Amino acid sequence: MGFDTSLGAFNISASGLTAERLRMEVVANNIANASVTRTPEGGPYRRKDVVFETALNPAGPGKHGSNEASGLAGVRTVGVVDDTSELPTKFDPGHPDADSNGFVTMPNVNLPIEMVNLITATRAYEANLKAAQSFVDMNQQALAIVRG
């Protein structure tokens, strides 16, 4: 196993760390805007989602090493998209954004769902961090053996 091959495992974990950090930031932003009924773009806040895709090795599948053989290089963030689900309404005639019938269009942020998303993103981040730390530990042990 060559040096480039062994670094591939670390790079995959690093890409996962980056992607999950972004997902945690987006979820935190959704929670912070859960009651915003007026945005600069107009209308209530729309919750956001992060879209991931598999990152492939630009050189393509190789002959050695599990990640080279498959051509996988981790995960990549495609973008952050608006959730197009229906915006709920709430009866609040005293609200400044209420319509003529007293209803206010609210953001489509569901706090229990956002909390679950935050927990799963945190767990995925921790798993990638543990994998990266294992990579570092294995390489330190290999160096100790070589130094003898």
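Do we have V80 as surrounded by 11 or more Cβ atoms within 10 Å (Cβ to Cβ) and under 30 Å from L22 (Cβ atoms) here? In short, yes. Only one of the numbered conditions (1) in contact with a strand residue (DSSP E or B) (Cβ under 8 Å, 6 or more places away or on another chain); (2) closer than 16 Å to V36 by Cα is violated by G74, and that is (2). Taken together, S6, S15, S66 contain a single residue that is under 27 Å from E126 (Cβ atoms), loosely packed, with under 14 Cβ neighbours inside 10 Å and either at pLDDT below 95 or over 14 Å from the mean Cα position of the chain (by Cα) (or both), which is S66.
The criterion of at least 1 residues that are among the small types (G, A, S) and under 19 Å from the mean Cα position of the chain (by Cα) is met by the following strands (runs of 3 or more DSSP E) wholly inside the range 71-148: 72-82. Quick check: anything in the range 132-148 in contact with a strand residue (DSSP E or B) (Cβ under 8 Å, 6 or more places away or on another chain) and surrounded by 15 or more Cβ atoms within 10 Å (Cβ to Cβ)? Scanning the range 132-148 turns up no residue that is in contact with a strand residue (DSSP E or B) (Cβ under 8 Å, 6 or more places away or on another chain) and surrounded by 15 or more Cβ atoms within 10 Å (Cβ to Cβ).
Considering the range 43-60, the residues that are outside any strand (DSSP E or B) and closer than 23 Å to E114 by Cα include one that is nearest to the chain's Cα centre (by Cα), namely R47. When A32 is tested against (1) among the small types (G, A, S); (2) over 15 Å from A127 (Cα atoms); (3) modelled with pLDDT under 90, only condition (3) is not met.
The values are calculated or read from the model by the stated rules, or taken from the named source; none is laboratory data. Everything numeric in this text was worked out from a predicted model, so none of it was measured. Methodologically, a virtual Cβ is constructed for each residue, glycine included, from the backbone with ideal geometry; neighbour enumeration extends over all protein chains shown.
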